Amino acid sequence: MHKTSAWPLAGAYALLVVYASLYPFADWRNQEIPPWDFLQAGWPKYWTAFDLVANVVGYVPLGFLLALSFMRRGNVRYFATHPNVAGIGVAVFVGTLLSLLMEGVQNYLPSRVASNVDFGLNVAGTLVGAVAATALELAGAIDHWSRFRERWFIPQARGALVLLALWPFALLFPAAVPLGLGQVFERFETALADWLEDTPFLEWMPLREIELQPLVPAAELLCVALGAFVPCLLGYTVLRSMPRRAIFAVAAVAVGTGVTALSAALSWGPTHAWAWMSLPVRLGLVFGLLLALLMLAVPRRGCAAVLMLALVLHLSLLNQAPTSAYFADTLQAWEQGRFIRAYGLAQWLGWLWPYVVLGYVLLRVSRRDAPPTISE
């Protein structure tokens with residue numbers, strides 16, 4: 001049975017769908033109507049083309065990953081004569097149940113509206129994704145990826161590949177510092193103070209003598225460099241050879257730069273896509289790439305150790321800086337309007353990604369693995 005990355009990605013995406021469907025989890029109510037009553041409702045009075053497309057597109061990756069994971073793991077041969085047919089059936093069945101559950105629960109949220117149209121579009125999106133996975137399987141693309149993965153990555157690469165696949169999506173959420181994921185200290189401190197308000201435990205919280213100060217250019221440069229350096233090191237822990245490491249490092253920095261530009265374009269408009277590219281940021285990207293190239297010959301276990309140090313330093317620097325006023329305005333734009341669905345997904349990925357990577361690397365270095373060489 002092959003350990004495919006599609007299975008954990010499907011589970012992670014399902015959790016993100018739940019979050020996006022039930023955000024903002026506030027002001028729950030009981031309307032005294034059956035949760036499945038929306039199935040008999042007519043066409044909604046208010047709808048937009050964006051909502052229709054979003055409901056289809058939002059479930060396409062789920063159907064794709066579910067069908068792919070079943071085809072890759074070989075489980076579907078027990079359900080039907082042809083495994084691809086069973087893969088589509090299982091994916092659509094799971095997607096239908098998830099969408100039905102989410103629409104039913106939305107009856108209890110005043111800010112969300114349960115809709116049979118949304119339900120039908122979600123099922124259609126799941127079907128499109130599952131059929132796309134089957135088409136790629138029949139065309140041989142999945143086997144090609146398997147051969148590519150065997151040539152480029154070690155067998156225990158599934159966890160790192162999942163995290164690397166999620167990294168660009170985490171960067172879509174606007175960050176106070178480019179490539180700066182995991183800035184949670186100020187928000188966590190504020191949320192904890194609000195939660196402990198009117199309780200004697202509020203006095204137990206440590207008080208800062210001075211407010212958080214903006215990062216100086218040198219610190220911003222280092223944060224950007226470490227933000228580019230970390231995914232490169234994560235890839236190094238599962239890549240097989242030095243040439244592949246070099247290609248991956250250049251590709252990772254290019255992807256991080258492009259996705260950050262896309263995030264800026266979504267936040268401020270296409271004309272401001274590159275407004276974040278200041279001199280410290282440019283130097284930080286170059287410095288991060290140079291650090292990655294200097295690590296090409298380091299064994300995988302050594303890369304994992306340096307990765308943990310880089311993550312700790314990056315999070316320490318990043319969480320000593322406050323969020324700027326422009327950043328706060330950007331968050332308001334994401335929290336309202338058509339970004340509300342992507343807001344919850346990208347926000348949590350941007351907050352949690354570096355901490356999950358830290359936990360993953362700790363597990364990797366704590367267990368016995370293959371000899372700590374680059375190539376096998």
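The values are calculated or read from the model by the stated rules, or taken from the named source; none is laboratory data. None of the values given here were measured: they were computed from a predicted structure. Ideal geometry is used to build each Cβ from the backbone, glycine not excepted, and the neighbour counts take in all protein chains shown. In case anyone asks, the SASA skips ligands and DNA or RNA and just uses the protein heavy atoms, side chains included. Shrake-Rupley method; radii C 1.70, N 1.55, O 1.52, S 1.80 Å.
Count, please, the residues in the range 215-259 that happen to be in contact with a strand residue (DSSP E or B) (Cβ under 6 Å, 6 or more places away or on another chain) and among the β-branched types (Val, Ile, Thr).
1
Of all residues in the range 147-157, which are touching a residue at least 24 places away in the same chain (Cβ under 8 Å) and in a helix (DSSP H, G or I)?
ARG151, TRP152
What pairs come out if I take residues in the range 291-319 that are assigned to a helix (DSSP H, G or I) and pair them with residues that are among the small types (Gly, Ala, Ser) and modelled with pLDDT under 95 whose C-beta lies under 6 Å away, six or more apart or interchain?
LEU315/GLY182; LEU317/ALA219; LEU318/GLY180
Evaluate the following for ARG158: is it more than 26 Å from VAL56 (Cα to Cα) and either open to solvent by less than 70 Å² (accessible area, probe 1.4 Å) or under 23 Å from the mean Cα position of the chain (by Cα) (or both)?
The answer is yes for ARG158.
Spot the failing condition for TYR19; the list is (1) of a type in the set (Phe, Trp, Tyr); (2) at pLDDT 80 or above; (3) surrounded by fewer than 18 Cβ atoms within 10 Å (Cβ to Cβ), and only one is missed.
If we test TYR19 against (1) of a type in the set (Phe, Trp, Tyr); (2) at pLDDT 80 or above; (3) surrounded by fewer than 18 Cβ atoms within 10 Å (Cβ to Cβ), just (2) comes out false.
Which residues, taken from the range 254-285, are among the β-branched types (Val, Ile, Thr), more than 22 Å from ARG149 (Cβ to Cβ) and either at pLDDT 90 or above or open to solvent by less than 40 Å² (accessible area, probe 1.4 Å) (or both)?
Result: THR257, VAL259, THR260, VAL281.
Look through the range 91-129, keep the residues that are open to solvent by less than 40 Å² (accessible area, probe 1.4 Å) and in a loop (DSSP other than H, G, I, E, B), and return whichever of them is farthest from ALA26 (Cα to Cα).
So, considering only residues that are open to solvent by less than 40 Å² (accessible area, probe 1.4 Å) and in a loop (DSSP other than H, G, I, E, B), the one farthest from ALA26 (Cα to Cα) is SER115.
Go through the range 283-314 and count every residue that is closer than 13 Å to LEU222 by Cβ and among the small types (Gly, Ala, Ser).
The number of residues fulfilling the criteria is 3.
Let me spell it out: the conditions are (1) open to solvent by 60 Å² or more (accessible area, probe 1.4 Å); (2) closer than 30 Å to TRP28 by Cβ; (3) not in a helix (DSSP H, G or I), and PHE169 meets all of them except one. Which number is the exception?
Status for PHE169: all satisfied but (3).
Please go through the range 165-190 and pick out each residue that is over 30 Å from THR4 (Cβ atoms) and at pLDDT below 85. Step through it out loud before you land on a result.
Taking the range 165-190 and keeping what is over 30 Å from THR4 (Cβ atoms), we get 174-178, 180, 183-190.
Correct list: PRO174, ALA175, ALA176, GLN183, VAL184, PHE185, GLU186, ARG187, PHE188, GLU189, THR190.
Checking PRO34 against (1) exposed (fewer than 13 other Cβ atoms within 10 Å of the Cβ); (2) modelled with pLDDT under 75: exactly one of these is not met. Which one?
For PRO34, the failing item is (2).
For the range 130-151, give me each residue that is surrounded by fewer than 17 Cβ atoms within 10 Å (Cβ to Cβ) and either at pLDDT 90 or above or touching a Gly at 6+ places or on another chain (Cβ under 6 Å) (or both).
Selection gives ALA132 alone.
Within the range 303-326, count every residue that is more than 20 Å from VAL238 (Cβ to Cβ), at pLDDT 55 or above and hydrophobic (A, V, I, L, M, F, W, C).
Counting residues in the range 303-326 that are more than 20 Å from VAL238 (Cβ to Cβ), at pLDDT 55 or above and hydrophobic (A, V, I, L, M, F, W, C) gives 6.
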